[in-house]
Amino acid sequence: MAQVDRPLSPHIQVYRPQLTTMLSIGNRATGIALSIGTILLVYWLVAAASGPDAFERAQSFIGSWLGILLLLGWSFSLFWHLAGGIRHLVWDTGWGLDIETTYTTGWIAVGAAVVLTVIAWIAGFIIWAHT
């Protein structure tokens, strides 16, 4: 009996990633980003407790383009992870497990993460401008 060479399932040439797949990967990635971003927060807090020179260096880094980019990613990760967590809590009640509702709530979670990030940054800039 000859062995047939068939691709493993799901093969990358056949399989199209679904929204649920991408949201799951995104939820894991944002969890990692939140963990790494927390290191930046701890650095800032330790610098604040260490004195004005250390705090000035931390503020300088956080105010740089790289620091702002990291803060933006961290805040987006926070809201993405929050929206995904709420979505999973709703699933725990047994609601929204059908395909159509899963896709709808997935897009709502993505939209909520973007909108909440924008709102948080606008609020931050308004507060910063008035100090």
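The values are calculated or read from the model by the stated rules, or taken from the named source; none is laboratory data. What you see is a predicted model; the values in this text were computed from it and never measured. With ideal geometry, Cβ positions are generated from the backbone for all residues, glycine too; neighbour counts draw on all protein chains shown. Just the protein is used for accessible areas: all its heavy atoms, side chains included, with ligands, DNA and RNA removed. Shrake-Rupley method; radii C 1.70, N 1.55, O 1.52, S 1.80 Å.
Where a ≥ b ≥ c are the square roots of the eigenvalues of the C-alpha gyration tensor, would you call the range 45-85 rounded, which needs a/c under 1.5, or, failing that, prolate if a/b is larger than b/c, or oblate?
Because a/c hits 1.5 or more and a/b fails to exceed b/c, the range 45-85 counts as oblate.
THR38: accessible area at probe 1.4 Å, nearest 10 Å²?
Solvent-accessible area, nearest 10 Å²: 60 Å².
If r is the Cβ-Cβ distance from VAL4 to THR102 and R0 is 30 Å, what FRET efficiency results, to the nearest 0.05?
The pair VAL4/THR102 has a calculated efficiency of 0.30.
Assuming a ≥ b ≥ c are the square roots of the Cα gyration tensor eigenvalues, decide whether the range 69-131 counts as rounded (a/c under 1.5), prolate (otherwise, with a/b larger than b/c) or oblate.
prolate
Under the 0.36 nm per residue contour assumption, what length would be gained going from the current alpha-carbon distance of VAL90 and ARG16 to full extension?
24.0 nm
Return one number: the angle in degrees, 0 to 90 and rounded to the nearest 10, between the long axis of the Cα atoms of helix 65-92 and the longest principal axis of the Cα atoms of the chain.
The angle comes out at about 50 degrees.
Given R₀ = 41 Å, what would the calculated FRET efficiency be for ILE122 paired with ALA48, taking r from the Cβ atoms and rounding to 0.05?
0.95
Taking the convex hull of the Cα atoms, report for the chain its projected area averaged over all directions, in nm².
Numbers: hull surface 54.2 nm².
Spelled out: convex hull of the Cα atoms, projected over all directions, averaged, 13.6 nm².
If you plug each phi of the range 30-45 into the Karplus form 6.51 cos²θ - 1.76 cosθ + 1.60 with θ = phi - 60°, what whole-Hz ³J(HN,Hα) values come out, in order, with x for Gly and Pro?
Result, rounded to whole Hz: 5, x, 5, 4, 5, 5, 5, x, 5, 5, 5, 4, 5, 4, 5, 5.
On C-alpha positions alone, give me the angle between the axis of helix 52-62 and the longest principal axis of the chain, in degrees, nearest 10.
Approximately 40 degrees, to the nearest 10.
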